[in-house]
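The values are calculated or read from the model by the stated rules, or taken from the named source; none is laboratory data. The model shown is predicted, which means the values in this text are computed figures rather than measured ones. Every residue, glycine as well, gets a Cβ built from its backbone with ideal geometry; the counts of neighbours run over all protein chains shown. These accessible areas exclude ligands, DNA and RNA; they are computed on the full protein's heavy atoms, side chains included. Shrake-Rupley method; radii C 1.70, N 1.55, O 1.52, S 1.80 Å.
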Amino acid sequence: MKTEQHWSKPVGLLPNSRFPLLVHRGALPGGGEDAMTALFRSNGWLNNWRYPGVYTYPHFHSTTHECLGCAAGWMEVDLFGIGGIRVRIEACDVIVLPAGVSHAMVGQSDDIKMVGGYPDGRDWDNVQEAHLDKAGHREAVKRIMMLPIPSRDPATGEPMKEWIDAPSSVDAGLNDFRDSLG
């Protein structure tokens, strides 16, 4: 398995994250919905769902981090908002999205099937920048900053070293952003 890290910063009202978004390539050889769900559950990522892709509009979650496993097919997803990146996810790949990271499916195969989950089965919300004002942004960011780092990676089962070792808000240059939350 190869792991990619993609870094983001706040863009407009999108908080994104100081933690890297992880893409585990080939995390589950053979894929499949049941196997992907079992992998996530075995690593403490619960409240699982199955869906033909993910939402096709930019959104983020402020109450939990999220993992997305491609059980079949492929999809392209735009990440981090305007000026962000586009990533193609294929069967057997797993994305680990920190809370606050904007994501939207922009292309997919006819047979796309995604499986999702949340650390410790946390409940998720659906925040869209298009419907967000400054007060809603401030509250969403405060919820995000209160979230713990999950105890295990949903694909590897190991501690989330990439997030544990991520720069602090100060070292990531986010002091002004934090101070603006008031």
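Counting only residues that are touching a residue at least 60 places away in the same chain (Cβ under 8 Å) and part of a loop (DSSP other than H, G, I, E, B), the range 111-120 holds 2 of them. Looking only at residues of the range 66-110 that are polar (S, T, N, Q) and farther than 15 Å from Glu129 by Cα, we find that the one that is farthest from the chain's Cα centre (by Cα) is Ser109.
The condition (being among the polar types (S, T, N, Q) and at pLDDT below 95) is satisfied by just one residue among Ser169, Ser109: Ser169. Looking at Ile149, Ile144, which is the one that is assigned to a loop (DSSP other than H, G, I, E, B) and at pLDDT 95 or above? Exactly one residue qualifies, and that residue is Ile149. State which residue is nearest to Ile144 (Cα to Cα) when the search covers only the range 91-107 and only residues that are among the hydrophobic types (A, V, I, L, M, F, W, C) and in a loop (DSSP other than H, G, I, E, B). Applying the filter and picking the extreme gives Ala99. Consider Trp49 carefully, then state whether it is of a type in the set (A, V, I, L, M, F, W, C), surrounded by 14 or more Cβ atoms within 10 Å (Cβ to Cβ) and in contact (Cβ under 8 Å) with a residue 12 or more places away in the chain. Spelling it out, it is not the case that Trp49 is of a type in the set (A, V, I, L, M, F, W, C), surrounded by 14 or more Cβ atoms within 10 Å (Cβ to Cβ) and in contact (Cβ under 8 Å) with a residue 12 or more places away in the chain. Being farther than 22 Å from Gly69 by Cβ, open to solvent by less than 60 Å² (accessible area, probe 1.4 Å), touching a helix residue (DSSP H, G or I) at 6+ places or on another chain (Cβ under 8 Å) and not basic (Lys, Arg) is a description that applies to Ser169.
A count restricted to the range 121-135 and to residues that are surrounded by 15 or more Cβ atoms within 10 Å (Cβ to Cβ) and either in a helix (DSSP H, G or I) or of a type in the set (Gly, Ala, Ser) (or both) stands at 1.
One line per residue, one yes/no per condition, for (1) open to solvent by less than 10 Å² (accessible area, probe 1.4 Å); (2) touching a residue at least 24 places away in the same chain (Cβ under 8 Å):
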site	(1), (2)
Trp7	no, no
Leu28	no, yes
Gly32	no, yes
Phe40	yes, yes
His59	yes, yes
Asp78	no, yes
Arg88	no, no
Ala99	yes, yes
Ser102	yes, yes
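Considering the conditions (1) modelled with pLDDT under 95; (2) within 17 Å of Ser17 (Cβ to Cβ), His131 is excluded by exactly one of them, (2).
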